[in-house]
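Report on the following structure.
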Amino acid sequence: MPTAPFSPPSGVTALAEPPAEARPWWRPHAIALAAMAAVLSVLTWQVIVYGPLTALDWPVHEAADANQPTGWSMALSVLVARLGQRAVTIPLMLLAAGWCAWKLRSARPVVAVVVSLGSLYVLGYGLKYAVGRTPPRTEMDAVFMPGFVSYPSGHAANAALTYAFIAVLLWGASGWRPDRRLLRIGLAVSAVPTAAVGVLMVSLDYHWLSEIPTGWLLGYVVLGIGRLALGPPRPAAPGGSGPPGTDGDERAAAG
């Protein structure tokens, strides 16, 4: 026997799902940030206890050590690896942030970059000194060694943060011209120097293999902090993909 649809008693208002625009804009970014931080914590523990994450570290080191580039290939490798040096990444981030701040008439981009750089310094060196891992060239894989700061790779973290954050500053939901399509392209392009730096840190025998993904993850954790510092979404650019107010940089609450 069919039943009549339920309707609330007179004077009682039905509860409805809050509209998407009424939900806190920062929630998905904060959740992603917390998830990445949790994964980084687990991976750090794996390194400390020599878990499965480190299984390939020694074989890869031996292969890299026996096949070091020479001549022009060495010079080119070192040049590309410098894309992860702070002498390169910090000016690039500040330049992009300054330009966006000028176009938006807002200091938020600069503040977000400064917060990110400060966070990376504190978290990065905090991990380095806490873990105290020796680099491959010592021919010894040990942790809690005073004065050694191999873990995680700072170059990998710098690259992951810098090139993705530039894309977020330009086309993210709180950036200069919010555009989902351009953001996706920018993030894909940012993966190229990020991957190149990671590969070269291992092939030049500067870092253990396990220190590269953890370095990247640290960079994306800091990117998440910077994304929160950028503030709420702006209307999408005319002709950009996504409706006004769309949080177009969902691919990385990190970015």
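The values are calculated or read from the model by the stated rules, or taken from the named source; none is laboratory data. Values in this document were obtained by computation on a predicted structure and should not be read as measured data. Backbone-built Cβ (ideal geometry, glycine too); neighbour counts: all protein chains shown.
Here are the numbers for this structure:
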read-out	value
Complete set of residues in the range 176-220 that are within 22 Å of Val122 (Cβ to Cβ) and surrounded by fewer than 20 Cβ atoms within 10 Å (Cβ to Cβ)	Pro213
Long-range neighbours under 9 Å by Cβ, at least six apart or interchain, first residue under 19 Å from Val111 (Cβ atoms) within the range 166-195, second surrounded by 19 or more Cβ atoms within 10 Å (Cβ to Cβ) and of a type in the set (Phe, Trp, Tyr)	Leu169/Trp176; Leu170/Trp176; Gly172/Phe165; Pro178/Trp171
Candidates Leu183, Leu200, filtered to the one that is of a type outside the set (Lys, Arg) and either over 18 Å from the mean Cα position of the chain (by Cα) or closer than 23 Å to Gly118 by Cα (or both)	Leu200
Any hit, the range 215-231, residues being under 13 Å from the mean Cα position of the chain (by Cα), under 30 Å from Gly71 (Cβ atoms), modelled with pLDDT of 95 or more and not β-branched (Val, Ile, Thr)	yes
Leu170 being assigned to a helix (DSSP H, G or I), surrounded by 24 or more Cβ atoms within 10 Å (Cβ to Cβ) and either modelled with pLDDT under 95 or more than 10 Å from the chain's Cα centre (by Cα) (or both)	no
Odd one out for Val122, checked against (1) touching a helix residue (DSSP H, G or I) at 6+ places or on another chain (Cβ under 9 Å); (2) under 20 Å from Gly219 (Cα atoms); (3) among the hydrophobic types (A, V, I, L, M, F, W, C)	(1)
Filtered residue count, the range 35-68, keeping only those that are loosely packed, with under 13 Cβ neighbours inside 10 Å, in contact (Cβ under 8 Å) with a residue 12 or more places away in the chain and among the hydrophobic types (A, V, I, L, M, F, W, C)	0
Number of positions in the range 89-116 that are under 17 Å from the mean Cα position of the chain (by Cα) and closer than 17 Å to Val197 by Cβ	4
Residue that is surrounded by the most Cβ atoms within 10 Å (Cβ to Cβ), among those in the range 122-157 that are β-branched (Val, Ile, Thr) and within 26 Å of the chain's Cα centre (by Cα)	Val131
Yes/no for Gly71 being surrounded by 14 or more Cβ atoms within 10 Å (Cβ to Cβ) and not charged (D, E, K, R)	no
